[in-house]
Amino acid sequence: MDKNVAKFLEYLEKEKNYSFHTIEAYQRDIASFLVFMTEVELEYLTIKYEGVRQWIVALMEGGISKRSINRKISALKAFYKFLLKVGEVKVSPLQQHKTLKVEKKLQLPFSVEEVDAVRFALEGQEGFDALRDLVIVEMLYCLGLRRSELCGVQVGDVDFYTRMIRITGKGNKVRYVPMIDHLLVLLKRYGTARENVLKDVEKINYFLIDSKGAKVDEIFVYRTINLYFSKTTTKEKNSPHMLRHAFATHLLENGADINSIKELMGHQSLASTEVYAHVNLKELKETYLKTHPRLKKKK
């Protein structure tokens, strides 16, 4: 591995506290760029923006989507920012780059009825696996968690006394999310069942486990959500993220303040939260027709 890349990855891990998966993705994207630089006989420490454009064109001709290219460029920008910091380059070849425009596709979240249909189906089943799967669905929906955050919850993070759950998000940033009564009761019930599973196996600190006492991973969570929701909805996307989307949308529709939703979801900026602010156009029209000053009748 190139020495500058190795130092950059170490910087991301030790100073930026990036997750293993994020660092791995950055490594892949930068490696792809360096391979191309070798193929076109360019030196990455001295190239101009034209060299980067050659790579972008090659990616587009290779059928890579604009969204994926933007992600790769983001990794490359971070790499060159690091090289500037350590004095390996004097100017970043990406300083004049503008993000490729991507057509936004609106992803509708699960409805309350769709989430309830899955909940009712799981409540009608017996056994530890069904209970654990129900906990996965309800924690994602009631707390608005990311998959990685859900899998990272430890037993000590769940405080039944204060009715709060400690969540470790991106960059190891911690936030606390309150538990509603329904979730509190469910997690207590699951906690008892979890202890029974762990009677004859080595204890682990992760809250979510399988029937053999091993930690539940992100792939398992994705497959679980996809399995149950594909039976109750015709939506194209049946992922854990759609429950996070539903969490934000349903709170907003019921009058929650968007800044509060931002804090609950662990977003850095309000712009990230606004993506989830899908507004019901019928309600918007009704509100407009009732409240705009120009539409008020004269006395």
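The values are calculated or read from the model by the stated rules, or taken from the named source; none is laboratory data. Being a predicted model, the structure only gives us computed values, none of them experimental. Cβ atoms come from the backbone with ideal geometry, glycine included; neighbour counts cover every protein chain shown.
What the table shows:
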read-out	value
Qualifying position, being within 30 Å of ASN70 (Cβ to Cβ) and assigned by TED's automatic domain parsing to the domain that holds PRO240, among ARG119, ARG146, ARG132	ARG146
Selected residue (criterion: surrounded by the fewest Cβ atoms within 10 Å (Cβ to Cβ)) from residues of region 74-90 that are in contact with a Leu (Cβ under 7 Å, 6 or more places away or on another chain) and either part of a helix (DSSP H, G or I) or of a type in the set (Ser, Thr, Tyr) (or both)	LYS77
Matching residues, region 235-250, being surrounded by fewer than 20 Cβ atoms within 10 Å (Cβ to Cβ) and either in contact with a Gly (Cβ under 7 Å, 6 or more places away or on another chain) or at pLDDT 85 or above (or both)	SER239, HIS241, HIS250
Residue tally, condition of a type in the set (Val, Ile, Thr), assigned to a loop (DSSP other than H, G, I, E, B) and out of contact with any strand residue (DSSP E or B) (no Cβ under 7 Å at 6 or more places or on another chain), over region 165-213	2
Number of positions in region 1-17 that are assigned to a loop (DSSP other than H, G, I, E, B) and under 26 Å from the mean Cα position of the chain (by Cα)	3
Any hit, region 154-164, residues being assigned by TED's automatic domain parsing to the domain that holds ILE219, in a strand (DSSP E or B) and touching a Gly at 6+ places or on another chain (Cβ under 7 Å)	no
Residue count for region 117-138, restricted to those that are in a helix (DSSP H, G or I), without any contact (Cβ under 8 Å) to a residue 60 or more places away in the chain and within 19 Å of GLY213 (Cα to Cα)	2
Among residues of region 149-182, those that are closer than 20 Å to ASP129 by Cα and surrounded by fewer than 19 Cβ atoms within 10 Å (Cβ to Cβ), counted	3
Top-ranked residue of region 210-246 - restricted to ones that are aliphatic (A, V, I, L, M) and within 21 Å of the chain's Cα centre (by Cα), ranked as farthest from LEU264 (Cα to Cα)	LEU227
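Each row is one residue, and each column tells you yes or no for (1) in contact with a His (Cβ under 7 Å, 6 or more places away or on another chain); (2) surrounded by 14 or more Cβ atoms within 10 Å (Cβ to Cβ); (3) farther than 30 Å from LYS235 by Cβ.
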residue	(1), (2), (3)
GLY51	no, yes, yes
GLU61	no, no, yes
VAL112	yes, yes, no
PHE128	no, yes, no
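One line per residue, one yes/no per condition, for (1) more than 11 Å from PHE33 (Cβ to Cβ); (2) outside the structural domain of MET37 (by TED's automatic domain parsing):
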site: TRP55; (1), (2): no, no
site: ALA58; (1), (2): no, no
site: GLU61; (1), (2): yes, no
site: LYS72; (1), (2): no, no
site: ALA75; (1), (2): no, no
site: PHE79; (1), (2): no, no
site: HIS97; (1), (2): yes, yes
site: LEU100; (1), (2): yes, yes
